[in-house]
Amino acid sequence: MIHRRTLLTATVSALMLSAAPVTLWAETPADTLIQAWTIDDIISLDPAEIFEFTASEIAGNTYETLIGYDPKNVADIFGKVAESWEISEDGKTISFKVKEGRSFASGNPITAEDVVFSLTRAVKLDKSPAFILTQFGFTPETVDDLIVQTGDYSFDFKMDKPYAPTLVLYCLTATVAMVVDKKLVMEHEVDGDFGYEWLKVNYAGSGPFTIREWRANEVVVLERNENYAGDKPAMARAIYRHIPETATQRLLLQQGDIDIARNLAAEDIAALKQDPNVTLEAGVKGSIYYMGLNQKNEFLSKPQVRQAMKYLVDYQTIADTIMAGKVEVHQAFLPKGFLGAVNDTPFSLNVEKAKELLAEAGVPEGFTVTMDTRNTPEITAMGQAIQQTMAMAGIKLELIPGDGGQTLTKYRARNHDIYIGRWGPDYQDPHTNADTFARNPDNSDDAASKPLAWRNAWDIPEMTAKADAAVLEADADKRAQMYVELQKESMETSPFVIMFQEIEVLGERNNVKGFVMGPSFNDNSFAKVTK
């Protein structure tokens with residue numbers, strides 16, 4: 001069935017034959033949505049492990065979370081799998097009721113047992129996104145006593161502190177909190193792995209689509225979930241084709257061989273504006289582009305070097321050329337639109353200022369350092385532009401290209417010098433980014449929590465304490481000011497050269513209607529697409 005990795009049918013295989021710019025058909029099938037995207041960042045399809053943009057979007061269209069929000073008004077929070085919830089007087093327990101009469105794609109009923117299993121499983125597996133849940137006091141050893149089923153369709157979520165309720169609810173909209181089919185997953189458990197090896201490449205959800213197949217760096221095929229509790233998608237299937245070349249995506253779109261192009265470069269966007277058969281859609285994302293400077297490097301660990309590098313990026317020129325229409329200059333770790341976001345941009349290309357700082361650091365002649373870059377056209381071009389401006393102050397950057405999986409794996413092991421990253425918020429609360437850019441509770445190599453500050457070996461006990469205090473502040477204005485202060489301190493001292501906030505742009509054939517662009521990639525939805 002849909003839960004096994006199987007060969008595609010002959011019909012679907014015909015759609016997948018080549019990633020090259022070859023015209024395969026006059027137009028795409030009426031019941032199939034075909035998107036071209038660079039999907040080499042997919043590492044896993046298990047919601048307990050998913051922490052990349054592409055896989056997050058796939059999960060958002062195939063799984064359901066306990067809680068949801070309106071992507072056009074994130075303040076509008078509502079239940080998805082949850083029917084209702086109540087908060088205890090001390091603010092440390094939330095009691096949830098689960099909607100009855102709903103099923104997974106397998107046909108198994110969705111119950112509180114599945115929700116409790118999904119949340120506790122994520123904590124026990126302790127993969128990259130587990131910190132979104134463990135920040136509430138859960139550990140693999142204690143979670144069974146804290147997330148507790150109280151009935152067939154009810155459970156308690158017991159926390160160690162009275163966190164801001166909106167923070168907790170937003171965290172339960174994250175990919176790591178997606179509900180998986182316990183019965184199906186445990187049928188594939190091996191050696192107590194909670195079905196992890198199986199779910200990395202398979203599917204056990206209840207969203208509008210199911211995952212039929214993933215072939216790494218080639219294709220992902222989704223199919224309509226006939227057991228979905230909501231309105232069934234008009235599309236019988238949705239297909240992602242791995243097309244890394246942006247010009248090829250544009251050509252396929254213009255020929256009608258795909259419905260949507262997802263990785264258009266600035267020149268492609270300019271060209272498609274003149275095409276009467278194509279519509280361009282744009283939406284501001286919470287994602288930010290940054291450079292992470294590993295503090296294990298003897299040069300990058302010097303505060304003046306970190307600050308000098310912030311004056312050796314030509315932000316506006318990159319935004320106006322390489323990334324034209326796809327980013328805006330932004331230099332704080334909270335994206336615009338978040339509570340307490342700082343929108344000041346104090347850094348610009350200033351070679352003389354950078355040289356002064358390098359002299360203060362004792363490296364007036366500069367130094368040589370490596371930078372890992374994902375080998376997509378835009379990241380490569382961005383890396384080359386930064387390489388040129390760094391050289392103006394004597395810093396020699398050696399670029400190391402790799403695909404998304406390679407560079408992420410190296411970065412997560414903090415084996416890099418410099419890494420060009422793209423970070424998207426996991427939920428719509430300011431703590432989502434403060435927790436990773438300004439918090440590092442344990443800087444040891446074997447730490448349980450591994451946020452971006454950890455990946456860059458930035459040991460910050462005082463900032464960590466400030467971030468921890470902010471999540472407990474009940475007054476919204478005071479809480480916002482706390483995040484303002486954290487961002488300004490980070491801008492002056494951190495090993496993060498934050499550069500841009502993303503504007504997602506996609507090109508779609510004029511007959512494609514109903515694609516929803518949300519603030520995060522797991523909010524992007526094609527469940528209501530028609531052609």
Cα-based Rg and Dmax for the range 261-312, in Å, come out at 18.9, 54
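Using a 1.4 angstrom probe on the protein heavy atoms only, line up Ile87, Ile503 by accessible area, largest first.
Details: Ile87 80, Ile503 35 Å².
So, going from the largest accessible area down, we get Ile87, Ile503.
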Once the convex hull of the C-alpha atoms of the range 278-368 is built, how many Å³ does it hold per residue, rounded to a whole number?
132
Can you order the peptides 69-76, 114-121, 394-401, 137-144 by their average number of other Cβ atoms within 10 Å per residue, highest first?
114-121, 394-401, 137-144, 69-76
Rg/Rg_ref, the range 315-417, where Rg_ref = 2.2 N^0.38 Å and atoms are Cα
1.21
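Please give the length that would be gained between Glu462 and Asn511 if that part of the chain were fully extended, namely 0.36 nm times their separation in residues minus their C-alpha to C-alpha distance (nm, one decimal). Write down the numbers at each step before the final one.
Details: separation 49, 0.36 × 49 = 17.64 nm, distance 5.41 nm.
Residue separation times 0.36 nm, minus the Cα-Cα distance, leaves 12.2 nm.
Could you please report the charge total around Ala434, scoring K, R as +1 and D, E as -1 over all other residues with beta-carbon less than 10 angstrom from its beta-carbon?
Values: positive: Arg439, Lys466; negative: Asp429, Asp435, Asp468.
Every neighbour counted, the sum reads -1.
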Whole Å is fine, so just give me how far the alpha carbon centre of the range 315-386 lies from that of the range 81-152.
40
Share of the range 191-326's accessible area from carbon and sulfur, percent, 1.4 Å?
45
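What number results when the radius of gyration of the range 330-482, computed over Cα atoms, is divided by 2.2 N^0.38 Å? Each step should come with its number before you reach the end.
Values: Rg = 17.4 Å, N = 153, 2.2 N^0.38 = 14.9 Å.
The reported ratio for this selection is 1.17.
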How would you order 199-207, 125-133 from highest to lowest mean count of nearby Cβ atoms within 10 Å?
199-207, 125-133
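What is the extension gain from Thr150 to Ala271, computed as 0.36 nm multiplied by their sequence separation minus the C-alpha to C-alpha distance, in nm to one decimal?
Numbers: separation 121, 0.36 × 121 = 43.56 nm, distance 5.82 nm.
Length gained, Thr150 through Ala271: 37.7 nm.
Which value in deg cm²/dmol, rounded to the nearest 500, describes the helix-derived mean residue ellipticity at 222 nm for the chain, given -39,500 (n - 2.57) per DSSP H run of n ≥ 4 and division by the residue count? Mind showing how you got there, number by number?
Details: 19 runs with 159 residues, N = 531.
After summing the helix terms and dividing by the residues of the chain, the value is -8000 deg cm²/dmol.
When averaged across all projection directions, what area in nm² does the alpha-carbon convex hull of the range 197-283 cover? List each step's numbers first, then the result.
Working: hull surface 29.4 nm².
Mean projected area of the Cα convex hull: 7.4 nm².
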Note down the magnitude of the dipole of the chain about its Cα centre, charges +1 on Lys and Arg C-beta and -1 on Asp and Glu C-beta and zero elsewhere, to the nearest 20 debye.
880
Quick one: length gained pulling Thr317 to Asn227 fully straight, 0.36 nm per residue minus the C-alpha distance?
27.4 nm
Taking each pair of different alpha-carbon atoms in the range 61-187 once, compute 1/r for the pair, average those values, and report the inverse of that mean as the Kirkwood hydrodynamic radius in Å to one decimal.
14.7
Accessible area per residue of the chain at 1.4 Å probe, in Å²?
37
So what's the chain giving for Rg/Rh, alpha carbon basis, Kirkwood Rh from the mean inverse pair distance?
0.96
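Considering every pair of different Cα atoms, what Kirkwood radius, in Å, is found for the range 128-258? Each step should come with its number before you reach the end.
On the way: mean 1/r = 0.0549 Å⁻¹.
One over the average 1/r among Cα pairs gives 18.2 Å for the range 128-258.
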Return the whole-Å distance between the Cα centroid of the range 192-267 and the Cα centroid of the range 471-529.
23
For the cross-link pairs Lys92/Lys182; Lys310/Lys488; Lys310/Lys355, which exceed 22 Å when the distance is taken from alpha carbon to alpha carbon?
Lys92/Lys182
Just to be sure I understand the model, the point goes 7 Å from the Cα along the line to the Cβ. What's the resulting Ser444 to Gln387 distance in nm?
3.9
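Rg to Rh for the range 392-520: what is it, with Cα atoms only and Rh by Kirkwood?
Working: Rg = 17.8 Å, Rh = 17.2 Å.
With Rg and the Kirkwood Rh in hand, the quotient comes to 1.03.
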Just order 218-224, 442-448 by mean Cβ neighbour count inside 10 Å, highest at the front, would you?
218-224, 442-448
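Taking 21 Å as the cut-off for C-alpha to C-alpha distance, list the pairs among Lys296/Lys396; Lys161/Lys200; Lys127/Lys232; Lys97/Lys158; Lys336/Lys528 that go past it. Walk me through the numbers on the way to the answer.
Numbers: Lys296/Lys396 18 Å; Lys161/Lys200 33 Å; Lys127/Lys232 32 Å; Lys97/Lys158 14 Å; Lys336/Lys528 28 Å.
Checking Cα-Cα distances, Lys161/Lys200; Lys127/Lys232; Lys336/Lys528 exceed 21 Å.
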Using the basic label-point model (7 angstrom from Cα toward the beta carbon), what is the Ala216 to Glu489 distance in nanometres?
4.1
Taking only the Cα atoms of the range 249-404, how large is their convex hull per residue, in Å³?
133
What percentages make up the Cα-Cα pair-distance distribution of the range 86-129 when the bins are 10 Å wide from 0?
22, 37, 35, 6
Over the chain, what is the percentage of antiparallel beta bridges among all DSSP beta bridges, to the nearest 5?
75
Divide the volume of the convex hull of the Cα atoms of the range 316-355 by its number of residues and quote the answer in cubic angstrom per residue.
82
Specify which residue in the list Tyr315, Tyr289, Phe338 is farthest towards the positive end of the charge dipole of the range 287-384, using unit charges on the beta carbon of Lys, Arg (+1) and Asp, Glu (-1), about the Cα centre.
Phe338
Roughly how large, in nm² to one decimal, is the mean projection of the convex hull of the alpha-carbon atoms in the range 116-180?
4.2
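The values are calculated or read from the model by the stated rules, or taken from the named source; none is laboratory data. Just so you know, these numbers come straight off a predicted model, no measurement behind them. Note that each Cβ is placed from the backbone with ideal geometry, even for glycine, and that neighbours are counted across all protein chains shown. These accessible areas exclude ligands, DNA and RNA; they are computed on the full protein's heavy atoms, side chains included. Shrake-Rupley method; radii C 1.70, N 1.55, O 1.52, S 1.80 Å.
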